[in-house]
Amino acid sequence: MTSSVEDIQQAYESWTKTSKKLMEPAREYMPGGDTRTTAHYAPYPAFMTRGEGCRLWDADGHEYIDFMNNFTSLILGHANPKVVSAVNEQISVGTAFAAPTESQVLLAKMIIDRVPSIEQIRFCSCGSEGTMMAARAARAFTGKQKIMKMEGGYNGNHDLGEISLIPIPPDAGPIEEPNTLPPDKGIALSSVADVVTVPFNEPEITEKLIKKHKDEVCALLMEPMLGGLGMIPPKPDYLKAIRQMTEDNDILLILDEVITFRLAPGGIQEIFDIKPDLTAIGKIIGGGLPIGAYGGRREIMQLFNPETEGFMWHASTFSGNPLSMAAGIAAVEQLEPDVYDRLNTLGDRLRDGLNLVFEKAGIRGQAIGFGSLVNVHFTDKPISNARDSVEGFFGAGAMPMYFHLCMLRRGIFPASRHMYSISTPMTDNEIDTALGAFAESLYEMKPIVEREYPHLLR
Ligand SMILES: Cc1ncc(COP(=O)(O)O)c(C=O)c1O
C-alpha cells in the first residue's frame, strides 16, 4: 500500500523497469524520448510491444485492457482478423501508387451510404488534414476569410485546429465574447487574427456572435462533443440550434466528427438529426491505419474537381493509399448498427459505474461523455463547456496524474487525461475489471487526497 505520491511514482517505476531503461536512449534521440506529445505522460510512458483484441502488453510483459484505443480510433481493438487479412493481402501487391484505386471508390461509397450530408468525399492522411481542407473549402466557397471555432475545440494539429484550446481566465476573456488565443509558441499570429471564438453549449451567445461576424466568417468549425477537453456532450437541442443559426446567417457548418464518427453509422449527426455542409472524419475509418477524410455538399466538394477550370488544390503523398483503404473497408464492413449500440451500452455501463465508485469512495469526481466515449473529471461541478473543464482540471492539482499511474499498475490503459473509449472485443467483464481497478485506485489515493487535496473530499 502506498502512502504518498512519491510512493505511487516509485511503485510505477518498479512496475515499468524495462520502459525506464528504454527511455534512456529514447531521450537521447528524441526530445523527451517521445514523438507525440499526447502519448507522453509523467514520469515516462510505458513502452508497448504488442496488441491483440482489447489488450496491450508492455515491455515488461504486463497486460493492460486498452481503453485508450489510440485515442478512440481502434474501434475493433488490435489486430482484428479481417483487417489483418485485408492488410496482408494488400501489402504484398503495393502500398502507394499515386493513382486511383477501386478501393478508394468503394470506401468513399461506403461512407456516403452511411452519411446523408456527405455527397462527395476526399481522403487524406489524417483527421487534421481533413479539418484543414474543409476549412479551405469553406473559405473558397463563400469568399469569406475568417473561421468561427469552439472554445476548447481540438480540430487537429495545424494552427487553426489548436487555437483557443485551453481557455484559462483571465486571458480567455468574458464568456459572452471569448478572446481568441494562440495555444502555444510557434502558432502564426495571422491565423489567430482569422478566428472568432465562441463558447460550446451556449447557443444564445453563439447566435449573437454569428450575427456580429457573419459578413467576415465563412464557417463554424466545431467538434459536436468537446473531446480533448474531456468528452463534454452537447445539450439535447444544441446542435440543431447551431445548424439553424448557421444556415440563417449564411455561414457554413463544418462538423469535426473525427472522434464522434464512432457513435453511430452516420456519426453524431445521425443521432442529433442534423446535416452539416461539410464533415471531417478520420480515426475509425482507417481500421487502425493512418487516415482522414472530408466531404459534404456536392457543390462545395466540386471545387476540388481537377476536370474543371480554376479547381482547388489538394495534394498529400499518402492520401487514399491502398493500405489504409483496404484496412478501412475491412473495418467499416464490420460496423453494423447493432455494433454501435453494443459499444454505446458498454460506455453507459462504464460511465454509470464510475460515477457510483466516486460516490461510494466519498471523492469529488464524475464521468461524462456520450455512448462509447467516456471521460473522468476530478470535480463534481457540472461541466458543460471548456471553462468548466479547465477549472476542474486545475482544481485537482497533481492528483489526476498520480491516479493515472495507479490505474496503469492495475492493468488499465486509459488516456492520461482520463479518457476511456470502448472497442468491440470488450464485454461487461472488461468494464467491470476497469471499475474494480478504479475503485481500488481511489481507495489507494484517499489518504493522500485527505492530506494534500482535502477539497476533493465529498
Ligand atoms: C476532434 C478531432 N479532430 C481532429 C483530430 C486530428 O486527427 P489526426 O490526429 O488524425 O490528425 C483529432 C485527433 O485527435 C480530433 O480528436
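The values are calculated or read from the model by the stated rules, or taken from the named source; none is laboratory data. All figures in this text were calculated on a predicted structure; none of them were measured in a lab. So basically every Cβ, Gly included, is an ideal-geometry build from the backbone, and we count neighbours across all protein chains shown. Each accessible area value is taken on the protein alone, full model and side chains, heavy atoms only, with ligands, DNA and RNA left out. Shrake-Rupley method; radii C 1.70, N 1.55, O 1.52, S 1.80 Å.
Is it true that residue 317 is at negative phi, without any contact (Cβ under 8 Å) to a residue 24 or more places away in the chain and either open to solvent by 10 Å² or more (accessible area, probe 1.4 Å) or touching a Pro at 6+ places or on another chain (Cβ under 6 Å) (or both)?
Criteria not met by residue 317.
Based on this model, can you work out whether residue 147 counts as open to solvent by 50 Å² or more (accessible area, probe 1.4 Å) and within 15 Å of the ligand (Cβ to nearest atom)?
Against the criterion (open to solvent by 50 Å² or more (accessible area, probe 1.4 Å) and within 15 Å of the ligand (Cβ to nearest atom)), residue 147 does not qualify.
How do the pairs read when you match residues in the stretch 404-420 that are surrounded by fewer than 22 Cβ atoms within 10 Å (Cβ to Cβ) with residues anywhere that are hydroxyl-bearing (Ser, Thr, Tyr) and in a loop (DSSP other than H, G, I, E, B), using Cβ under 7 Å and keeping only pairs 6 or more apart or on different chains?
416/41
If residue 194 satisfies every condition in (1) among the acidic types (Asp, Glu); (2) within 16 Å of the ligand (Cβ to nearest atom); (3) crowded, with 18+ Cβ neighbours inside 10 Å; (4) more than 18 Å from residue 314 (Cα to Cα) but one, which is the exception?
For residue 194, the exception is condition (2).
Of the residues 155, 201, which is more than 24 Å from residue 319 (Cβ to Cβ), open to solvent by less than 70 Å² (accessible area, probe 1.4 Å) and either outside the structural domain of residue 314 (by TED's automatic domain parsing) or touching a residue at least 60 places away in the same chain (Cβ under 8 Å) (or both)?
201
Of all residues in the stretch 328-377, count the ones that are more than 18 Å from residue 113 (Cα to Cα) and either of a type in the set (Asp, Glu) or in the same structural domain as residue 96 (by TED's automatic domain parsing) (or both).
4
If you check every pair at least six apart or on different chains, which have Cβ atoms under 8 Å apart with a residue in the stretch 247-267 that is outside the structural domain of residue 115 (by TED's automatic domain parsing) and away from the ligand (no atom under 15 Å from the Cβ) first and a residue that is assigned to a strand (DSSP E or B) and of a type in the set (Ser, Thr, Tyr) second?
Note: no pairs meet the criteria.
Consider residue 273 carefully, then state whether it is more than 13 Å from the ligand (Cβ to nearest atom), closer than 19 Å to residue 149 by Cβ and charged (D, E, K, R).
For residue 273, the condition - more than 13 Å from the ligand (Cβ to nearest atom), closer than 19 Å to residue 149 by Cβ and charged (D, E, K, R) - is not met.
Give the residue, chosen from 30, 68, that is assigned by TED's automatic domain parsing to the domain that holds residue 350 and away from the ligand (no atom under 16 Å from the Cβ).
30
Quick one: residue 182 ticks every box in (1) open to solvent by 70 Å² or more (accessible area, probe 1.4 Å); (2) more than 15 Å from the ligand (Cβ to nearest atom) bar one, so which box is it?
Every listed condition holds for residue 182 apart from (1).
Quick test for you: out of 106, 56, 76, pick the one residue that is modelled with pLDDT of 95 or more and over 25 Å from the mean Cα position of the chain (by Cα).
Matching residue, one of 106, 56, 76: 106.
Can you confirm whether residue 282 is under 30 Å from residue 381 (Cα atoms), of a type in the set (Gly, Ala, Ser) and either without any contact (Cβ under 8 Å) to a residue 40 or more places away in the chain or within 11 Å of the ligand (Cβ to nearest atom) (or both)?
When the stated conditions are applied, residue 282 does not pass them.
Going through the stretch 286-320 one residue at a time, which ones are more than 15 Å from the ligand (Cβ to nearest atom), at pLDDT 95 or above and of a type in the set (A, V, I, L, M, F, W, C)?
Correct list: 300, 301, 303, 304, 311, 312, 313.
Enumerate the pairs (first residue in the stretch 288-300 and more than 17 Å from residue 315 (Cα to Cα) and touching a residue at least 24 places away in the same chain (Cβ under 8 Å); second residue anywhere and open to solvent by less than 10 Å² (accessible area, probe 1.4 Å) and within 12 Å of the ligand (Cβ to nearest atom)) with beta-carbon separation below 6 Å, excluding pairs fewer than 6 apart on the same chain, so at least 6 apart or on different chains.
Close Cβ pairs satisfying both conditions: 289/324; 296/279.
Which residue out of 327, 396, 361, 331 is at pLDDT below 95 and either surrounded by fewer than 21 Cβ atoms within 10 Å (Cβ to Cβ) or more than 18 Å from the chain's Cα centre (by Cα) (or both)?
Testing whether each residue is at pLDDT below 95 and either surrounded by fewer than 21 Cβ atoms within 10 Å (Cβ to Cβ) or more than 18 Å from the chain's Cα centre (by Cα) (or both) leaves just 396.
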